[in-house]
Structures are given as C-alpha cells and as structure tokens.
1. For the chain, set up a GNM with springs between Cα atoms under 10 Å and report which of Ser67, Ser237, Ser91 has the largest fluctuation.
2. For the ranges 269-275, 252-258, 168-174, what's the packing order if you count other beta-carbon atoms within 10 Å of each residue, average per peptide, and put the highest first?
3. In debye, nearest 20, what is the charge dipole magnitude of the chain about its Cα centre with +1 on Lys and Arg Cβ and -1 on Asp and Glu Cβ, if you could check?
4. Under 14 Å from the Cβ of Glu209, count the other residues' Cβ atoms, weight Lys and Arg +1, Asp and Glu -1, and hand me the total.
5. With the cut-off at 1.5 for a/c, could you classify the chain from its C-alpha gyration tensor as rounded, prolate or oblate?
6. Taking 0.36 nm per residue of sequence separation and subtracting the Cα-Cα distance, how much length would be gained by fully extending the chain between Ala85 and Ser15, in nm to one decimal?
7. Cβ under 13 Å from Asp60's Cβ, Asp60 left aside: what net charge do those residues give with Lys, Arg +1 and Asp, Glu -1?
8. Stretched out fully, how many nm does the piece from Asp142 to Arg274 gain, at 0.36 nm a residue minus the Cα gap?
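Quick note: the coordinates plus some simple rules give every number you see, no bench work behind them. Computed from a predicted model, the values in this text were never measured in an experiment. Positions of Cβ are backbone-derived with ideal geometry, glycine not excepted, and every protein chain shown enters the neighbour counts.
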Amino acid sequence: MNSLLATVNKILTYSVVDGPGNRLVIFLQGCNFNCPACHNPYTIGVCDHCGDCVAACHVDALEMVNSKIVFDAATCDQCDACLTACPISASPMVQRLSVSDILEIARKNKPFLNGITVSGGEATLQLKFVIALFTAVKADPDLNGLTCFVDTNGHLGAHSWERLLPVTDGVMLDIKAFDPALHHALTGQDNAKTLKAATIVHDAGKLYELRFLTIPDKTDTDAEVARLTDFARALGSNVRIKLNAFQHHGVRGEALKWHKMTESSVTKIATHLRKAGITEVVTPALYL
Ligand code: SF4
Ligand code: SF4
C-alpha cells in the first residue's frame with residue numbers, strides 16, 4: 001500500500017464547501033479537462049521537469065538536480081511566481097504522498113472532521129490511489145465514521161466507476177455544459193462520459209450534488225437551463241443542484257473577457273429549477 005504515491009497540489013484540513021460537514025480535502029494534481037474558466041488552473045498540468053520556473057524564484061527555492069526539479073519548502077515564501085512561469089499549468093511545489101501519509105493527517109484532525117474529499121485537478125486521474133485511500137480509511141478503526149467523497153468532472157468510464165463507487169460515500173459531479181459543442185469549447189473534451197457518469201452515480205445512490213457553472217451567454221442560456229432542468233428531473237426531483245457563478249478569480253486567457261455572473265441571473269435560474277420541481281437548489285453565498 002505504501003508504495004503507491006499520489007501527486008498532491010494542496011491539502012486543506014478544514015473545508016465546509018467540499019461536501020457535507022467539515023472535511024479534509026486532498027487536491028490531486030493533474031486534470032483531463034483544460035477549462036479557461038478554471039479557478040485553480042495550476043492544478044491542471046503535471047510537471048515534466050523542464051526547469052522553466054527555476055529562474056522565476058526570487059529566493060532560490062527551486063533547483064534542477066539530475067534533470068528533476070527540486071523544491072525547498074522551507075525557503076519558499078509562497079509568492080506563486082513559479083506557477084505563473086510554468087508553460088503547462090503545473091506546479092513545482094507538489095508533494096508525493098502515500099496513503100499512510102494522508103491517514104496520519106486524517107488521524108491528527110479526526111476530532112474536527114466529518115469526512116475526507118478528494119478533489120483536484122481531476123481526482124479520478126489518480127484512481128488507483130483514491131481507491132486505496134478510501135479502502136484504507138474505511139478499514140482504519142481510528143477513522144471510524146469519516147465519509148469518503150469525490151469531487152469530479154465525471155470524465156471516467158463505467159468500468160472505473162464500478163471500482164470506485166463501492167468505497168465511496170458521495171460524489172459531487174460537475175456538468176460544464178449540455179450542448180456537446182459548447183462543452184468541448186469550455187473544456188476541450190466531450191461530455192458523453194460525464195452525462196453517463198451522473199446517471200451511474202445517481203443510480204448507485206451516491207450522487208451528493210450535481211454542480212453547474214453558470215457563465216453569461218454560454219451556460220446561462222434558455223437552452224442550457226432547459227437541458228439542465230430536464231436532466232435533473234429525469235434523475236429525480238430529489239437531486240441536489242449546486243449552481244456556481246462564473247467570476248474572474250484565477251481564470252485565464254479568453255475567459256478574462258467573459259462577463260461575470262450576477263446574483264440576480266443565478267437566482268432566476270434557481271427559481272426556474274425550483275418551479276420545475278427540483279427541491280434542493282443551492283446558490284453561491286458570495287459573488288467575488
Ligand atoms: S512560490 Fe515559492 S518556489 Fe515558487 S517562485 Fe515563489 S518562492 Fe519560489
Ligand atoms: S513546474 Fe512547470 S515550469 Fe517548473 S519544471 Fe515543472 S513543468 Fe517546468
């Protein structure tokens with residue numbers, strides 16, 4: 001078990017927005033989508049040790065050793081200049097952690113936790129590790145009662161869901177768009193797997209929340225909202241929908257020119273969904 005290592009961008013020991021209750025959140029590095037609207041774009045790439053970020057570091061916390069980037073956490077002052085310098089949206093500051101490493105962090109924080117969530121990047125790209133971690137959490141008497149959740153873009157085949165769902169308590173699944181061409185434009189990938197995944201996870205009784213990022217003139221259109229409504233109703237009126245609102249924090253390139261989503265526009269969509277019989281619709285607490 002300990003030979004399996006995850007590439008981890010960040011760990012939060014306290015989060016109330018990544019599933020029910022207070023959760024330990026493991027942000028895994030690497031994503032199979034490339035969304036201009038991503039709020040955390042430096043989790044997308046996986047470092048290829050090109051060395052381009054070394055010169056950007058003003059405190060010499062980065063160096064190349066035997067053609068590999070080496071990061072000195074004790075020297076780093078977290079200026080994030082290396083992230084901006086990276087040509088592939090990777091990070092030289094990732095950690096390689098074992099299941100045991102994460103269990104140790106979970107044990108230390110157990111009195112304050114309701115569960116563990118793996119997020120990203122796209123957590124399911126490190127599927128073997130996620131399955132091993134969740135299996136170990138469930139087998140550990142010290143972690144008794146903690147639930148295991150996945151935050152995912154759903155781009156995972158049915159066979160892989162069959163392996164993951166038995167050790168998973170809940171899934172937060174993002175649908176970026178219903179129109180295939182729009183989805184491709186927003187992510188670089190097709191949405192067929194994601195839509196299928198929503199049904200697989202729901203039928204297994206593990207769909208905690210469907211998430212939908214509303215973007216002016218892209219995903220807030222009547223056509224997209226109608227398809228979201230129909231899709232949610234087909235799953236069942238008890239499906240929980242979380243509407244997120246596009247803002248500019250963290251986004252890149254063309255997305256910086258897109259309009260921000262306003263509270264009144266999100267409320268209009270939420271009202272439409274509720275009128276259509278979707279009982280649980282969650283809207284953002286803040287518009288920043
Ligand atoms: S975040 Fe740390 S490693 Fe990166 S450039 Fe700044 S000081 Fe250097
Ligand atoms: S983090 Fe990016 S810039 Fe730095 S070595 Fe890795 S790939 Fe190159």
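1. Highest fluctuation among the options: Ser67.
2. Numbers: 269-275: 15.9, 252-258: 12.3, 168-174: 22.0.
Going by the mean number of other Cβ atoms within 10 Å, highest first, we get 168-174, 269-275, 252-258.
3. Details: 26 positive and 29 negative charges, 148 e Å.
With only Lys, Arg, Asp and Glu charged at Cβ, the dipole is about 700 debye.
4. Working: positive: Arg23, Lys206, Arg211, Arg240, Lys242; negative: Asp18, Asp151, Asp169, Asp174, Glu280.
Neighbour charge sum, excluding Glu209 itself: 0.
5. On the way: a/c = 1.90, a/b = 1.27, b/c = 1.49.
Judged from the Cα gyration tensor, the chain comes out oblate (a/c at least 1.5, b/c at or above a/b).
6. On the way: separation 70, 0.36 × 70 = 25.20 nm, distance 2.88 nm.
So the chain would gain 22.3 nm between Ala85 and Ser15.
7. For residues surrounding Asp60, the net value is -3.
8. Values: separation 132, 0.36 × 132 = 47.52 nm, distance 4.11 nm.
Extra length available between Asp142 and Arg274 comes to 43.4 nm.
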